[in-house]
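The values are calculated or read from the model by the stated rules, or taken from the named source; none is laboratory data. Keep in mind that this is a model prediction, so the values were computed, not measured. All Cβ positions, even for glycine, are placed from backbone atoms using ideal geometry, and neighbour counts span all protein chains on display.
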């Protein structure tokens, strides 16, 4: 359970972006790694820079567990880990000019055109960087794909960054397992660094309280079961109810929902709880999503369908 002492759950926070000084128990410059893998880089830099607060984002619980073990062995107390899409988290969880450094190591280049939306480096991510990086803040990319680094450098320069590289790293890199793997295969490693120029702006979407809607009429189990397939689609977002699970006593149900906001995907549950006055549709606490527009619309749509 070493990882538990480092894990934070920003999707449960009522105020976003949060007060990171409170989360760390101290005020210090913030540095972010997106996609920390097994935590080799974070464990190393945490020891090298104890005067910084380090935050890592990953989508794999296995990676969080392994990274937590490494951090515990290193005695690092100034690192926090979160299970979240780093692109989304960087945009939503930090105020303007609130981050000093951002690191991305060996992202998948997703060379197929059909997979382009999965790439870390895109126009939206660049817009986020120019917003959340502090004056003089830096972004650092390490990759084994030279054309990926060159394309990224071009995009960053167009956004006003002062870019150095990409340059080949002959010996010393971030120390991750991917670096070790690529070097064993004889691949060359490239790095670029970019310092922010003019400040930009970005649109944030996760905010507000947990949504819930009162249903002022009697709700039957059959009506709830009939919500499977309920969906809405609009520019930039969508949701669909994938399954309904009815409690044996018939007094409540869980709806498994899939939602997307500009490519940021979430799966979660909406609870429908019946009582004497009707019912309540609300987010279930077992898998709390970020409060994005699609999440809020799905709760409202479930209630409206049951009302109708």
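Remarks
- Considered as a group, the residues in the stretch 1-22 that are within 17 Å of the chain's Cα centre (by Cα) and outside any loop (DSSP other than H, G, I, E, B) include one that is modelled with the lowest pLDDT, and that residue is 12.
- The stretch 142-163, residues that are in contact with a helix residue (DSSP H, G or I) (Cβ under 6 Å, 6 or more places away or on another chain) and within 18 Å of residue 182 (Cβ to Cβ): 143, 144
- Apart from one condition, residue 237 fits all of (1) crowded, with 17+ Cβ neighbours inside 10 Å; (2) within 29 Å of residue 67 (Cβ to Cβ); the exception is (2).
- Hey, residue 56 surrounded by fewer than 16 Cβ atoms within 10 Å (Cβ to Cβ), assigned by TED's automatic domain parsing to the domain that holds residue 135 and without any contact (Cβ under 8 Å) to a residue 40 or more places away in the chain or not: no
- Odd one out for residue 182 among (1) in contact (Cβ under 8 Å) with a residue 12 or more places away in the chain; (2) farther than 24 Å from residue 13 by Cβ; (3) not assigned by TED's automatic domain parsing to the domain that holds residue 42: (3)
- Candidates 96, 124: the one that is within 18 Å of residue 195 (Cα to Cα), surrounded by fewer than 20 Cβ atoms within 10 Å (Cβ to Cβ) and at pLDDT below 95 is 124.
- Against the criterion of being in contact with a strand residue (DSSP E or B) (Cβ under 7 Å, 6 or more places away or on another chain) and either at negative phi or in contact (Cβ under 8 Å) with a residue 40 or more places away in the chain (or both), residue 217 qualifies.
- In this structure, residue 100 does not qualify as in contact (Cβ under 8 Å) with a residue 24 or more places away in the chain and either touching a helix residue (DSSP H, G or I) at 6+ places or on another chain (Cβ under 6 Å) or more than 30 Å from residue 146 (Cα to Cα) (or both).
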